[in-house]
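Here's the structure, in structure tokens; my notes come after.
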Amino acid sequence: MEISILQKARYAYKPKLPASLTEELEHIAVALGEPAEALGDQGDLKLYFRNTYGKPLAVCEKGKNEKAGKKLRVGVILSGGQAPGGHNVIAGLYDGLKKGNRESALYGFLGGPSGLIENKTLRITGDSIDAYRNTGGFDIISSGRTKIETPEHFAASLETAKKLGLNAVVIIGGDDSNTNAALLAEYFIEQGADIQVIGCPKTIDGDLKNEHIETSFGFDTAVKTYSELIGNIARDANSAKKYWHFIKLMGRAASHIALEAALQTHPNVCLISEEVEHKKQSLAAVVETIVSSVVKRAARGDNFGVALIPEGVVEFIPEMKKLIEELNDTMAVYGTEFAKKDSFIDRLYFLDRYLSEQSYTLLKNLPADIAEQLLLDRDPHGNVQVSRIDTEKLLISMVGKRLEQLEVEGKYAGRFGAYGHFFGYEGRCAAPSNFDADYCYSLGYTAFILIAAGLTGYISCVKNLAAPAQEWVAGGVPLTMMMNMEQRHGVKKPVIKKALVDLNGKPFKAFAAERETWAVKTCYVYPGAIQYFGPSDVCEQTTITLRLERT
């Protein structure tokens, strides 16, 4: 396999660890605190997790560890969407296992959780992991989105673990995947199986965090990658001075990516889904936010700009959310009949019988290509795939029409030309920043320490991340502590709560303090590419979000 000069150099990079993890293994102890409570619905969760609820917080510290040299067999799963640094989590786990006992073994489950269910594995060796150190992607064992949720799935997972003689399973994933980890840990205990389960916090969306999980891995690299691209486009816009660029960014449930990218690049407009929902802004109001900036900049002679749009913002706009819900409900009942309609017009007329007047009017007045996406692009459950809606094109069309009205009224005399972009997959498998390379390796190494200490039902945790790596604090958080009960498909289920953008938090307030200026003036910042070598203030910097939240 051909590799680049940079990749060769990245293979040689030695990730930094918290000081507590640099001790010899027999001198790394795990201290346990007081029993921890869940975020909400404690009573229900105690019933759901009779064996694993109420576990204490765990902290790695200098001490005595008599089990450090125990021979272990561990399985690891990459679950959900890719995030930069996943390979380093596996590398940290592997190195910890081998440092403890050279006879210990690590098995990768192929294709995500389905690999555990179907017993599809790859024995990870020194040579195989060395080919993936400090690289992006999940290609060492690949990922998958299968959920371990049926009795058959749980039973098959246990059978696989027993066949392999596993002591533990490590699940690397987001909120749903780590909810699975908690359920699997509980199931193994119920079945009398001495098999531990440890999670690791992954998602570029940045919505798996709380007071103990300061950030999910991959967020740092992904947003820096997007911000480089946004900066490049902003510089082009400022050079050509004739186009507005509408850039959709990943982040369906939360707007952390858009907010961080805005803090890094200073666009003219950045929509925050949580604010749109909080203010109950209509689609017209969202359009007016952008139009206001276009008009004010045109008055200065600046007929160009940059607008950032979270991919899930349409679900936060009240009338769009209602329309999507009504479409999903209609398709659940009349999907087969609907599918027989040959043309867009026939499908539209068909829905007139089942949608509310408000929703039907909205659907008719949407640009035809967007309306067709709402009607045709559905997931396996029959729901609208919001991430595939060209929100940027919808807003370009509506902003253009509004500007035409203002021109007729004599309130706008500029020129509006626009391009749409979607930055998503470009950031998910980028080579991890030094921060993510270090953080992920530390998470994997910590997962091994938690296993060696005999813990189960925990998520690997590294805190104090705004400080230099040697000052980081490694430990574990009980997975049940991060949960509440939510309605899923008509049934209340335990889930790890997503962290949305806090409109009272320091990152949003820092953005809100500047956005009126950015809306009018050209204040772009050009972050450039991720730097791997050089002064620490250049190549070791964290995200602005993390610095604001933790300092």
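Computed quantities for the displayed model
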read-out: Test: residue in region 402-421 that is more than 20 Å from the chain's Cα centre (by Cα), surrounded by fewer than 24 Cβ atoms within 10 Å (Cβ to Cβ), assigned to a loop (DSSP other than H, G, I, E, B) and in the same structural domain as PRO56 (by TED's automatic domain parsing); value: no
read-out: Test: LYS8 is assigned to a loop (DSSP other than H, G, I, E, B) and surrounded by fewer than 14 Cβ atoms within 10 Å (Cβ to Cβ); value: no
read-out: When residues of region 238-269 are limited to those that are more than 18 Å from GLY420 (Cβ to Cβ) and among the polar types (S, T, N, Q), the one surrounded by the fewest Cβ atoms within 10 Å (Cβ to Cβ); value: SER239
read-out: Top-ranked residue in region 469-496 [being part of a strand (DSSP E or B) and of a type in the set (A, V, I, L, M, F, W, C); ranked as modelled with the lowest pLDDT]; value: VAL491
read-out: From the options ALA466, ALA512, residue that is within 20 Å of the chain's Cα centre (by Cα), modelled with pLDDT of 95 or more and more than 30 Å from GLU149 (Cβ to Cβ); value: ALA466
read-out: Wholly enclosed helices (runs of 4 or more DSSP H) of region 109-167 bearing at least 3 residues in the same structural domain as ILE189 (by TED's automatic domain parsing) and either crowded, with 20+ Cβ neighbours inside 10 Å or of a type in the set (S, T, N, Q) (or both); value: 113-118, 151-164
read-out: So GLU311, is it touching a strand residue (DSSP E or B) at 6+ places or on another chain (Cβ under 7 Å), surrounded by 24 or more Cβ atoms within 10 Å (Cβ to Cβ), in the same structural domain as GLY528 (by TED's automatic domain parsing) and closer than 23 Å to LEU503 by Cα; value: yes
read-out: Qualifying residue in region 276-288 (condition: closer than 19 Å to THR391 by Cα, surrounded by fewer than 24 Cβ atoms within 10 Å (Cβ to Cβ) and among the basic types (Lys, Arg)); value: yes
read-out: Filter pass, GLU372 being in a helix (DSSP H, G or I), acidic (Asp, Glu) and at pLDDT 95 or above; value: no
read-out: Residues of region 101-117 satisfying the condition of being in contact with a Phe, Trp or Tyr (Cβ under 7 Å, 6 or more places away or on another chain) and among the aliphatic types (A, V, I, L, M); value: LEU106, LEU116
read-out: Residues satisfying the stated conditions in region 260-305, i.e. charged (D, E, K, R) and in a helix (DSSP H, G or I); value: GLU260, GLU274, GLU275, GLU277, GLU288, LYS296, ARG297
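The values are calculated or read from the model by the stated rules, or taken from the named source; none is laboratory data. Note that the structure is predicted; figures quoted are calculated from it, not measured. Here the Cβ is made from the backbone with ideal geometry for all residues, glycine too, and neighbour counts use every protein chain on show.
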